[in-house]
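Enquirer: Sharing a structure with you now.
FYI, it's all coordinate maths here, none of it is from the lab. The shown structure was predicted, so the numbers you read here are calculated from the model rather than taken from an experiment. Here Cβ is always computed from backbone atoms with ideal geometry, including for glycine, and neighbour counts include all displayed protein chains.
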Number of protein chains: 2
Amino acid sequence: MCQCGLIGPARQRRVKNTGGQGMKIIVVGANGDIGQAACAELGQRHDVIRVGRTSGDLTVDMSDRSDIDRMFAKVGPVDAVVATAGDVKFMALAEHTSDSMLFGLQQKVMGQINLVLAGLDAVVDGGSFTLTSGVLDRDPIRFGVGAATANGALAGFVTGSAIEMPRGLRINVVSPGLLDVSVPRYGQWFPGHNPVASERVGRAYAKSVEGAATWQVIIVE
Amino acid sequence: MCQCGLIGPARQRRVKNTGGQGMKIIVVGANGDIGQAACAELGQRHDVIRVGRTSGDLTVDMSDRSDIDRMFAKVGPVDAVVATAGDVKFMALAEHTSDSMLFGLQQKVMGQINLVLAGLDAVVDGGSFTLTSGVLDRDPIRFGVGAATANGALAGFVTGSAIEMPRGLRINVVSPGLLDVSVPRYGQWFPGHNPVASERVGRAYAKSVEGAATWQVIIVE
């Protein structure tokens, strides 16, 4: 169970994020390899609410805006929203259909965008959004076109939305290479890709959440 | 009416594109400002089939794969597919909903992707696909987040699909700034953007269709 004040007396309402310790951070996709790396790093200094599709401190269906609204209503104001979730279909270009390509746009892209749209009223002044893309739109692999398309979309969304963020909110996207812990399952599909230490990936989320930058693709290679 | 052999005896079947004159090129979105620029350039040396949603040599609904298949069946083998069509919603970030963001992903992104998926069997060996994004994922404007997201997605799709293209097929995306001819209607939304001469935009399509490059974002500024 989280130690974040989600259950029990709510901690003092933060009216402005100052980048210090003890932030209240919601991580959606906390059970995945990238989510675990983010939580391991952020959890050292902050109250992390771990959210998954089927397990965690809370569960949410990112494709359902009303379910996200329910989640934010339960959690209350947060200093940062971190999204590390999102499925795409891995398959050959020639095998793709409209539906298989649209799947990634709906799950990975719209899932993370929904978190931002819903979070605009849930994140305190000066807080942040951190999304997650991946290496495949700059260093592609076979069967990766769905992921490459989704990653590019998220980078575009960060650029387009950063300049319209209200109240000093920031938005970045972390774009990690294949994590070391993911190699046993996925390494065979990434010939020649250098695995990235999970600790390095975790620190990218610290850079986005605790730092002051916005409108960035934070590449971890 | 086009002079492309669409109606009347079909010209000799091209079995391999060699980048020369007299290519058979299908331009979807031919009525738009960008489509007209592409057709003006390509039409000087090639047989251009102008396709629109409601008018042109042919009409097509890019969001409907079966309608695209019907179009390709009618046209027969082509040397190049050029996509200059695709709608997005221009609105403030705070006003966007899941539906308004998804609209651009379905219309602009999936529309152009559908043309590629359907065209994999319709383009001759060595032929090409040329998609169209725009400036807003690198030089954003207010109300442009939907376009920025779609543009990034198309760049990602080109990267992901270029390495899996069969039979020497190529794919690029042209990313033009605001066209000079579009300034009267849209210029007020693009403060400080330098309008781009339509002739320069047209030449980018010649570079993609007649050149040998693939996996490129061809920026026109």
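Enquirer: Stokes-Einstein diffusion coefficient for the protein assembly as shown at 20 °C in a medium of 1.002 mPa s, Rh from the Kirkwood formula over Cα pairs: what value in µm²/s?
Expert: 95 µm²/s
Enquirer: Based on other C-beta atoms within 10 Å, arrange B:50, B:70, A:185 from fewest to most. Present the calculation step by step, with values, prior to reporting the outcome.
Expert: Working: B:50 23, B:70 15, A:185 9.
Arranged by neighbour count, lowest to highest, B:50, B:70, A:185 become A:185, B:70, B:50.
Enquirer: Same structure again: Using a label point 7 angstrom from Cα along Cα-to-C-beta, what distances in nm, from shortest up, separate residue B:74 from the other copies?
Expert: Residue B:74 label point versus its equivalents elsewhere: 5.2 nm.
Enquirer: Between residue A:181 and residue A:139, how many nm apart are label points set 7 Å from Cα along the C-beta direction?
Expert: Once both label points are built, they end up 2.0 nm from each other.
Enquirer: For a test of the definition: using alpha carbon positions, the gyration tensor, and the 1.5 limit on a/c, classify the stretch B:80-208 as rounded, prolate or oblate.
Expert: oblate
Enquirer: A further question follows. Let me check against my output: what whole-number percent is the relative contact order of the stretch A:118-220, with C-alpha pairs under 8 Å and at least 6 apart?
Expert: Rounded, it is 33 percent for the stretch A:118-220.
Enquirer: Could you give the nm distance between label points at residue A:40 and residue A:92, where each point is 7 Å from its Cα heading toward the beta carbon?
Expert: My value for the distance between the label points is 3.6 nm.
Enquirer: Distance from the Cα centre of the stretch B:176-221 to that of the stretch A:19-65, in angstrom?
Expert: 42 Å
Enquirer: Helix B:33-42 versus the longest principal axis of chain B: what angle, 0 to 90°, nearest 10, using Cα atoms?
Expert: For B:33-42 against chain B, the angle is about 30 degrees.
Enquirer: Compute the acute angle (0 to 90°) between the alpha-carbon long axis of helix B:65-75 and the principal axis of greatest extent of the alpha-carbon atoms of chain B; round to the nearest 10°.
Expert: Tilt relative to chain B: about 40 degrees.
Enquirer: Using C-alpha positions alone, give me the convex hull volume of the stretch A:171-221 per residue in cubic angstrom.
Expert: In the stretch A:171-221, the Cα convex hull volume per residue is 70 Å³.
Enquirer: So, one more: If we count other beta carbons within 10 Å of each Cβ, what is the order of B:198, B:63, A:133, fewest first?
Expert: Details: B:198 21, B:63 16, A:133 30.
Lowest count first: B:63, B:198, A:133.
Enquirer: If you don't mind, there's one more thing I want to ask. So for chain A, averaging the separation of alpha carbon pairs under 8 Å that are six or more residues apart and normalising by length, what relative contact order in percent results? Write out the running numbers ahead of the final one.
Expert: Details: 455 pairs, mean separation 46.6, N = 221.
Here the relative contact order equals 21 percent.
Enquirer: A further question on this structure: Where the label is 7 Å out from Cα toward Cβ, how close does residue A:94 come to the same position in every other copy, in nm, shortest first?
Expert: Copy-to-copy label distances at residue A:94, shortest first: 5.1 nm.
Enquirer: Follow-up. Work out the length of the dipole vector of the stretch A:122-187 about its Cα centre, built from +1 on the beta-carbon of each Lys and Arg and -1 on the beta-carbon of each Asp and Glu, and round it to the nearest 20 debye.
Expert: Using Cβ point charges on Lys, Arg, Asp and Glu, the stretch A:122-187 gives about 100 debye.
Enquirer: Before rounding to the nearest 500, sum -39500 (n - 2.57) across all DSSP H runs of length at least 4 in chain A and divide by the residue total; then give [θ] at 222 nm in deg cm²/dmol. If you can, show how the numbers build up before the last one.
Expert: Values: 7 runs with 73 residues, N = 221.
Calculated mean residue ellipticity at 222 nm is -10000 deg cm²/dmol.
Enquirer: According to the square roots a ≥ b ≥ c of the eigenvalues of the Cα gyration tensor, what is the shape class of chain A, taking rounded for a/c under 1.5, prolate for a/b larger than b/c otherwise, and oblate for the remainder? Present the calculation step by step, with values, prior to reporting the outcome.
Expert: Values: a/c = 1.70, a/b = 1.56, b/c = 1.09.
Verdict is prolate for chain A.
Enquirer: How many nanometers, to one decimal and shortest first, lie between the label point of residue A:125 and those of its other copies, if labels sit 7 Å from Cα toward Cβ?
Expert: Reported distances to equivalent positions: 6.7 nm.
Enquirer: A further question follows. What residue among A:166, A:184, A:176 has the largest mean-square fluctuation in a Gaussian network model of chain A, using Cα springs under 10 Å?
Expert: A:184
Enquirer: Treating only the Cβ of Lys, Arg, Asp and Glu as charged (+1, +1, -1, -1), what charge dipole size does the stretch A:48-154 show about its Cα centre? Round to the nearest 20 debye.
Expert: It works out to roughly 200 debye.
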